[in-house]
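The next block holds one structure in the form of C-alpha cells; read it before the comments.
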Amino acid sequence: MAQSLSKIYVHLVFHTKYSSVTILEKDLPKLFAYIDGIIVNNKAMVIQIGGIHNHLHILCTLPRTISTASFVEDIKKCSSKWIKTLDPYYSNFAWQGGYGIFSVSESQVSKVKNYILNQKQHHKVRTFEDEYVSLLDIHKIEYNKDYFLKD
C-alpha cells in the first residue's frame, strides 16, 4: 500500500491522584478544551471529552504515528502542567499514574459519546470505582485488586 491509514476509536479514562486536589466545576470546560488541543496536536480526532471533579473520559481516535502509552502520557503530562498555571489551588494537582483505555466499535461511538456527556448525572448514583470496575469487566480486562486505584 502507498499509504498508512487507520481509524481506531478509543475510550480513555483516568483519575486524579487520591492525594491530589480535585478539579473545580468552573474549570472543567477549560480543561476539556485544553485536552482537545493536545489530542489534535497528536493528529487524532476528538469525539467527546467529559468527566467530573475527580476523573475524565475521552472518546477519540488513536493516532497512528505514536504508541498508546505515549499518547496518554502526553495528554496527562501536558494537562497536569497546564492546570497548575490556572490557579494556586492546583499547585498539588496530579493524575494517577495509570489509566484505562478501551476499544470502541464504529457502531458504539454515539452510545459512548452520550455516556460521556452524562457523567454528572451518572455519578449521582454510581461511584467512579463502580464505573471503572464495570468497564474493566465489560472489556474482560484482568486487574490486581492490591494495586487497583492506588496513588
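The values are calculated or read from the model by the stated rules, or taken from the named source; none is laboratory data. Please read these numbers as outputs of a predicted model, since none were measured by experiment. Virtual Cβ from ideal backbone geometry, glycine too; neighbours counted across all protein chains shown. Please note that ligands, DNA and RNA were not included when accessible areas were found on the heavy atoms of the full protein model with its side chains. Shrake-Rupley method; radii C 1.70, N 1.55, O 1.52, S 1.80 Å.
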- For the chain, which whole-number percentage of the solvent-accessible area (1.4 Å probe, protein heavy atoms only) is attributable to carbon and sulfur atoms? 53
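In Å², and per residue, what accessible area does the chain have when probed at 1.4 Å with the other protein chains present?
That works out to 58 Å² per residue.
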- Task: Report D146's accessible area, 1.4 Å probe, all protein chains in place, as a number in Å² to the nearest 10.
- Result: 110
- For K7, the lysines lying under 17 Å Cα to Cα, once residues fewer than eight places off in the same chain are dropped, come out as K43, K113
- Task: Pop out the Kirkwood hydrodynamic radius of the chain from its pairwise C-alpha distances, inverse of mean 1/r, in Å to one decimal.
- Result: 16.1
- Item | Sites excluded, trypsin sites (Lys or Arg not before Pro) in DSSP loops with at most 12 other C-beta within 10 Å, longest stretch of the chain | 65-123
- Length-normalised contact order of region 37-151 in % [C-alpha pairs under 8 Å, at least 6 apart]: 26
- Set the Förster radius R0 to 22 Å, insert the Cβ-Cβ distance between N114 and R64 as r into 1/(1 + (r/R0)^6), and round the FRET efficiency to 0.05. 0.25
- Sticking with the crude label model, points 7 Å out along Cα→Cβ, report the distance from Y89 to H53 in nm, one decimal please. 1.0
- Query: What's the local net charge at R64, with K and R +1, D and E -1, over the other residues with C-beta under 14 Å away?
  - Reply: +2
